[in-house]
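The values are calculated or read from the model by the stated rules, or taken from the named source; none is laboratory data. As the structure is a computational prediction, the values presented were derived from the model and not from experiment. Cβ placement follows ideal geometry from the backbone for every residue including glycine, while neighbour counts extend to all protein chains displayed.
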């Protein structure tokens, strides 16, 4: 006679209790410096922008699929070479990318700025 499947899973979790109680952190660690705090803020901003894009795109897609389905009696329309639509779907992503790249580039350039260091390390090597 075989044991039920749930008992097998329970035994697995009982034997590996440390894995079950592990801290599964889903975000970045808490920042300790000013630049790390800026990187964390940029990470959060870009994540929210991506979430907004996801909601808008999938919302529009599901609305279009539901509203313009064949069973509702809609016919497909052809609007090939519509310059206005092509300009809009080229300019909007470009502006989004510029808006995301601007703070990220400033943070990277601030990381490389060593004009006023808090600590200077002198390394001497001998061969």
Any residue in the stretch 49-72 that is modelled with pLDDT of 80 or more, in contact with a helix residue (DSSP H, G or I) (Cβ under 8 Å, 6 or more places away or on another chain), surrounded by 10 or more Cβ atoms within 10 Å (Cβ to Cβ) and not in a loop (DSSP other than H, G, I, E, B)? yes
Taking the criterion of being touching a helix residue (DSSP H, G or I) at 6+ places or on another chain (Cβ under 9 Å), part of a loop (DSSP other than H, G, I, E, B) and exposed (fewer than 11 other Cβ atoms within 10 Å of the Cβ), would at least one residue in the stretch 98-117 satisfy it? no
Free of Cβ contacts under 8 Å to residues at least 40 places away in the same chain, surrounded by 10 or more Cβ atoms within 10 Å (Cβ to Cβ) and out of contact with any helix residue (DSSP H, G or I) (no Cβ under 9 Å at 6 or more places or on another chain), is that true of residue 123? no
Quick check: is even one residue across the stretch 74-84 assigned to a helix (DSSP H, G or I) and either surrounded by 10 or more Cβ atoms within 10 Å (Cβ to Cβ) or out of contact with any helix residue (DSSP H, G or I) (no Cβ under 9 Å at 6 or more places or on another chain) (or both)? yes
Cβ contacts < 8 Å: first residue touching a residue at least 24 places away in the same chain (Cβ under 8 Å) and on the phi < 0 side of the Ramachandran plot, restricted to the stretch 26-43; second residue surrounded by fewer than 14 Cβ atoms within 10 Å (Cβ to Cβ) and in a helix (DSSP H, G or I), any location; separation 6+ or different chain. Result? 35/110; 35/111; 38/110
